[in-house]
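**Student:** One structure is given below, represented as structure tokens, and several questions about it will come after.
The values are calculated or read from the model by the stated rules, or taken from the named source; none is laboratory data. What you see is a predicted model, and the numbers here were worked out from it, not measured in a lab. Cβ atoms come from the backbone with ideal geometry, glycine included; neighbour counts cover every protein chain shown.
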Amino acid sequence: MRRKAIIGGIISLVFMYLALRKVDYSDLWTTLQGAQWAYLIPNIVLVVGVMFIRAWRWQLILRPIAKVPFARVYSSTMIGFMVNNVLPARLGEIARAVSLGLKTGISRSATLATIIVERIYDSFILLAFLWLVFGFSQLSTHTEVARIRYLGWIFLMVNLALVLLLGLLQFRNAAVVRFVERATRRLSPRIQSASKEITEKFARGLRVHHNWPTTLGVAVSSLVIWIIMGFSNYFVFLALGFHLPWEASFVVLVVVSLMISVPSTAGFVGVYHWATQISLQIYGLSPSEAVAVAIVLHAAQYIPITVLGFYHLRREHLRLRAVDGTEAGPEKKPEETRSESI
């Protein structure tokens, strides 16, 4: 954990330097002083409200392996997003799997697979927004647009590779298991057995694609999530007095979301602010104005999600160390959950 924190801290400092190096702090303070904070109310309502849709989508993805009550899924979702805000390296994804496993007995490997499925849907929706916005935008010749498009191509290649890998794991599972057995045959029997078991359990977490109505529900809910998040950004622009084109909300959404998908520092500090800055410079905002938007946008998402996440952590009688993957603990038997032996 300490090494992850150090690496995350270095990443945060580098990107914060990139975001702040051209900032005029008097202009930054003037922009923040003139904010109309009432506009943050609809932003926060949308950010918090979309967590219910995220939880419902995750419940859909989990359905082929277990029927988990919505309240349980929602609680683990909030805990996971809170952990991403307070610990580095996107440990919140592990925290979601651990917290759900502690309360239901569902395999953490299978649960992690469902979270990866979520991330793939999210990435493809975000990339579709990126190509759509720049395809119709008159700003396609801006120098920053070329950098953002390059970032988009990188994430597209990564996602296609993940889809191929997960497709093999799901539809050619026996062949993948045999490959894992051959790859680990020189290791101890315990490692061989554990590797095979994890591979099989992970594949079970991908079963959502065996049911087309469920797959459609996941796809539609993913689209709705990111449309709402895109519109929520616009209220922050209004709060700071910037009347930008609607597309700017989605450019910020895409660039920030893709950048923070890579494991980095707790709360994505620095990375979040730099990504917001390069996105808004396309629309003529100065570095100071863009960083002001980044600070408010980040805080409006960070504070309510973190507070609610800690509330659910306490409500579930869990400790942070019990769900961040650093403290082993026995998994409870399933509570009100019908699941197969996974």
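**Student:** Among the residues of segment 209-220, is there at least one that is hydroxyl-bearing (Ser, Thr, Tyr), surrounded by fewer than 19 Cβ atoms within 10 Å (Cβ to Cβ) and either modelled with pLDDT of 90 or more or not in a loop (DSSP other than H, G, I, E, B) (or both)?
**Tutor:** Checking segment 209-220: at least one residue is hydroxyl-bearing (Ser, Thr, Tyr), surrounded by fewer than 19 Cβ atoms within 10 Å (Cβ to Cβ) and either modelled with pLDDT of 90 or more or not in a loop (DSSP other than H, G, I, E, B) (or both).
**Student:** Here is a further query. Those residues that are under 13 Å from the mean Cα position of the chain (by Cα) and aliphatic (A, V, I, L, M), I need them from segment 80-109; list them, please.
**Tutor:** Result: 82, 83, 89, 91, 94, 95.
**Student:** Considering only residues that are among the basic types (Lys, Arg) and modelled with pLDDT under 95, which ones fall in segment 40-71?
**Tutor:** The answer is 63, 67.
**Student:** For segment 18-63: of the residues being touching a residue at least 60 places away in the same chain (Cβ under 8 Å), more than 28 Å from residue 118 (Cβ to Cβ) and aromatic (Phe, Trp, Tyr), which is surrounded by the most Cβ atoms within 10 Å (Cβ to Cβ)?
**Tutor:** 39
**Student:** Taking segment 221-245, which residues are more than 23 Å from the chain's Cα centre (by Cα) and either surrounded by fewer than 16 Cβ atoms within 10 Å (Cβ to Cβ) or not in a helix (DSSP H, G or I) (or both)?
**Tutor:** 240, 241, 242, 243, 244, 245
**Student:** Answer yes if at least one residue in segment 35-53 is in contact with a His (Cβ under 9 Å, 6 or more places away or on another chain), farther than 15 Å from residue 304 by Cβ and not charged (D, E, K, R), and no otherwise.
**Tutor:** No; the residues of segment 35-53 include none that is in contact with a His (Cβ under 9 Å, 6 or more places away or on another chain), farther than 15 Å from residue 304 by Cβ and not charged (D, E, K, R).
**Student:** Evaluate segment 271-282: report whether one residue or more is surrounded by fewer than 23 Cβ atoms within 10 Å (Cβ to Cβ) and over 20 Å from residue 149 (Cβ atoms).
**Tutor:** For segment 271-282, residues surrounded by fewer than 23 Cβ atoms within 10 Å (Cβ to Cβ) and over 20 Å from residue 149 (Cβ atoms): absent.
**Student:** Residue 299: buried (at least 20 other Cβ atoms within 10 Å of the Cβ), without any contact (Cβ under 8 Å) to a residue 40 or more places away in the chain and in a helix (DSSP H, G or I), yes or no?
**Tutor:** no
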